[in-house]
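The values are calculated or read from the model by the stated rules, or taken from the named source; none is laboratory data. The structure presented is a predicted model; accordingly, all values stated were derived computationally and were not measured. Glycine also receives a Cβ, built like all others from the backbone with ideal geometry; neighbour counts cover every protein chain displayed. Only protein heavy atoms, including side chains, enter the accessible area calculation; ligands, DNA and RNA are left aside. Shrake-Rupley method; radii C 1.70, N 1.55, O 1.52, S 1.80 Å.
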Amino acid sequence: LAQLRRHRWRVAQPSAALLFVVPLYLNAALQPSVKGASCNGTHFQVLLDATAAAVAATEQYARHDGADHVIVSNSWKLTQTPPEQAPWSKVGQLPNELFRRTFRNAIVGHMESHGVAKPPSSAFWRCSVVSPYVANYDEAAAAHRRPPASKERDVSFYFQGGANNRGTRGYAFRQAALPQLQDLPAAHISAFSLPGKPAACGGAVSTNCRAGRSSGAFRSLMARSRFNLVLRGDSPSSRRLYDGVAAG
C-alpha cells in the first residue's frame, strides 16, 4: 500500500481514477495463525463484509458496478466458501455471500489465471491478473543482491517442498517425479509433509525422508543450484518460479 500511495499514476481525485485498489490484506486475514480472528480479535469475515459494504456505498463503485475495482490476494482460500475456507477458525465461520456478490465484477490479482482457480467454478470475480508471489524473499539476503557465479553453483537440481498425499494431480506428479531425480549427481531433492513417519533427510536426500522448512537454507540452496525444479502443486503454477528469479 505504501508503494501504491507513492506511485506516479496515483491520482488525488476519485473522478480521475481508472482503477480503484481495495486495501485489503486478505492473505493475512485467511492465515491459519490468526485462528479466524484478526485486528484486535474481530472475525475476519466481519472485516471483509464491512469493507464490501463501504465500497458498495460509493459512487465510484456504482459507476461500473465494481468492474474497475482491484483486489490483491495470493491466497487460494479466497476462492472457497465455508466450511472449507477456514476449518482452523476458533471463532467459527460466517457466510461470505455479501463479499462475493459485491466483488463479482472485480479484477483480482491472484496466484492463478481465472480459468484455473481451485476449483474453477469458485472463482467468483470477473477476471484475474496473475501476480508474482515469493515465499522466501529476504531484502537483506546476499542471494538476492548478487547471483552466485557459475563455479559456486555446486547443486545440479534442487527441489524442496511438499509431496504429501493430498489428492491433487500436482502432488501425485511430485511423488512420481522426485524419486527419479534423487540419484542425479549433485542433486538436492527433499520433501516435507510426507505421509507416515519417514526418517529425517540428510545430505542429498530422497522423497522417502522428511525435511524441515528453513527459509535461509531454501534461499542458499536455490542460489547454488543450476536448475531450480518448478513442479506444480495444488494448482498449475508454483512460487518457485518467482523464488528462482529472486535468488538469481
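Applying the condition of being out of contact with any helix residue (DSSP H, G or I) (no Cβ under 7 Å at 6 or more places or on another chain) and of a type outside the set (S, T, N, Q) to segment 230-248 and asking which residue is most open to solvent (accessible area, probe 1.4 Å) yields V245. Within segment 158-183, the set of residues being at pLDDT 75 or above, of a type outside the set (S, T, N, Q) and over 20 Å from L241 (Cβ atoms) comprises A172, A176, P179, D183.
Would you check which residues across segment 10-41 are within 18 Å of P82 (Cα to Cα) and part of a helix (DSSP H, G or I) and list them?
As a first pass, look at segment 10-41 and keep what is within 18 Å of P82 (Cα to Cα): 26-38.
Scanning segment 10-41 gives L26, N27, A28, A29, P32, S33, V34.
One line per residue, one yes/no per condition, for (1) farther than 30 Å from S237 by Cα; (2) among the aliphatic types (A, V, I, L, M):
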| residue | (1), (2) |
| --- | --- |
| S15 | yes, no |
| L26 | no, yes |
| L30 | no, yes |
| H43 | yes, no |
| T51 | no, no |
| D68 | no, no |
| N74 | no, no |
| P87 | no, no |
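Can you tell me which residue in segment 59-90 is nearest to G41 (Cα to Cα), limited to those that are of a type in the set (G, A, S) and touching a residue at least 12 places away in the same chain (Cβ under 8 Å)? Step by step, filter segment 59-90, then rank; the result is S89. Hey, can you tell me all the residues within segment 23-41 that are free of Cβ contacts under 8 Å to residues at least 24 places away in the same chain, buried (at least 16 other Cβ atoms within 10 Å of the Cβ) and closer than 20 Å to A106 by Cα? Of everything in segment 23-41, just one residue is free of Cβ contacts under 8 Å to residues at least 24 places away in the same chain, buried (at least 16 other Cβ atoms within 10 Å of the Cβ) and closer than 20 Å to A106 by Cα, namely A29.
Buried (at least 20 other Cβ atoms within 10 Å of the Cβ), within 16 Å of the chain's Cα centre (by Cα) and at pLDDT 65 or above: is that true of R219 in this structure? Lay out the reasoning, then the answer.
Working: buried (at least 20 other Cβ atoms within 10 Å of the Cβ): yes; within 16 Å of the chain's Cα centre (by Cα): no; at pLDDT 65 or above: yes.
Spelling it out, it is not the case that R219 is buried (at least 20 other Cβ atoms within 10 Å of the Cβ), within 16 Å of the chain's Cα centre (by Cα) and at pLDDT 65 or above.
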